[in-house]
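Comments concern the structure below.
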Amino acid sequence: MLLLAFDTCLDKTYVVLRTENDILSSETIHSNEKSYHSAYLISTIKELLKASNKTPKDITAIAINVGPGSFTGIRACTTVARVMAQQLNCKAIGISSLEILSKAKNDEYIVALDARKNKAYLYDKKLYGAVELEEVEERIKGKKVITDDRLIERFRAFADEVISYQQADFELGEILSEIAIEKLKTEEGNWAKVLPLYIQPPPVTIKQ
């Protein structure tokens, strides 16, 4: 198997090329002042393939983060994955950003990310969706939590330990690829089933 995994949903772009047992190449891209990090997705994929002496036709599976996260990032990630998988006739699978983050600490931590509107996206061995912050605070009392910069200070008053994934040095692209390798052993990997995970509708501005 040659797996291409990528994620443009969170605060960085992660791209990984690997076999079942080995990471061939991996790249992490930060945003800059001129453009969003997802703008570099295609060029980074090309670079990783070239560095590993591979071509797109060598790819047998694609794995992506389907959200929740940046709406622009989710759309970019999902669109590229579906088009590539269809054209290459290869498997594709989508994995939630919350599940990816939970594996950063081997499921020992609850994941709760800011969902705005006084809610957090909650994952504790399974996805609970967008939950009111007051309920999340009850759930995390005495527990260990992975969150983001927006909620870290608030959650410190309740949790035993709180980590912001934005401040931690998690290899999220490699974690995504490892989850995908395991899931593809039992799942068909139909690209048509790779859909954006929009737990809440995107914000819409109506012009008056």
Count of segment 109-139 residues which are charged (D, E, K, R), modelled with pLDDT of 95 or more and more than 20 Å from residue 183 (Cβ to Cβ):
8
With the structure loaded, tell me whether residue 173 is touching a residue at least 24 places away in the same chain (Cβ under 8 Å), out of contact with any Gly (no Cβ under 7 Å at 6 or more places or on another chain), in a helix (DSSP H, G or I) and closer than 24 Å to residue 77 by Cβ or whether it fails that test.
yes
I'm told residue 25 meets every condition in (1) in a strand (DSSP E or B); (2) crowded, with 18+ Cβ neighbours inside 10 Å except one. Can you identify the failing condition by its number?
(2)
Go through (1) open to solvent by less than 30 Å² (accessible area, probe 1.4 Å); (2) without any contact (Cβ under 8 Å) to a residue 60 or more places away in the chain; (3) not in a helix (DSSP H, G or I) for residue 49 and report which single condition fails.
(3)
For residue 128, are the conditions met, namely being hydroxyl-bearing (Ser, Thr, Tyr), free of Cβ contacts under 8 Å to residues at least 60 places away in the same chain, closer than 15 Å to residue 10 by Cβ and open to solvent by 20 Å² or more (accessible area, probe 1.4 Å)?
no
Sort out which residues of segment 115-154 are in a strand (DSSP E or B) and more than 18 Å from the chain's Cα centre (by Cα), and write them in order of number.
116, 119, 131, 132, 144
Total residues in segment 112-121, condition open to solvent by less than 10 Å² (accessible area, probe 1.4 Å) and either farther than 18 Å from residue 9 by Cβ or free of Cβ contacts under 8 Å to residues at least 24 places away in the same chain (or both)
0
Filter segment 166-190 for residues that are open to solvent by less than 20 Å² (accessible area, probe 1.4 Å) and either of a type outside the set (Val, Ile, Thr) or farther than 28 Å from residue 30 by Cα (or both) and give the result.
172, 173, 176, 177, 180, 184, 189
Restricting the search to segment 131-161, which residues are more than 22 Å from residue 95 (Cβ to Cβ), in contact with a Phe, Trp or Tyr (Cβ under 7 Å, 6 or more places away or on another chain) and open to solvent by 70 Å² or more (accessible area, probe 1.4 Å)?
141
Looking only at segment 104-111, decide whether some residue is of a type in the set (D, E, K, R), open to solvent by less than 70 Å² (accessible area, probe 1.4 Å) and without any contact (Cβ under 8 Å) to a residue 24 or more places away in the chain.
yes
Going residue by residue through segment 81-88, is there one that turns out to be open to solvent by less than 30 Å² (accessible area, probe 1.4 Å), over 14 Å from the mean Cα position of the chain (by Cα) and of a type outside the set (Val, Ile, Thr)?
yes
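The values are calculated or read from the model by the stated rules, or taken from the named source; none is laboratory data. Because the structure is a prediction, the values reported are computed rather than measured. Cβ atoms come from the backbone with ideal geometry, glycine included; neighbour counts cover every protein chain shown. We work out accessible area using only protein heavy atoms, side chains counted, and drop any ligands, DNA or RNA first. Shrake-Rupley method; radii C 1.70, N 1.55, O 1.52, S 1.80 Å.
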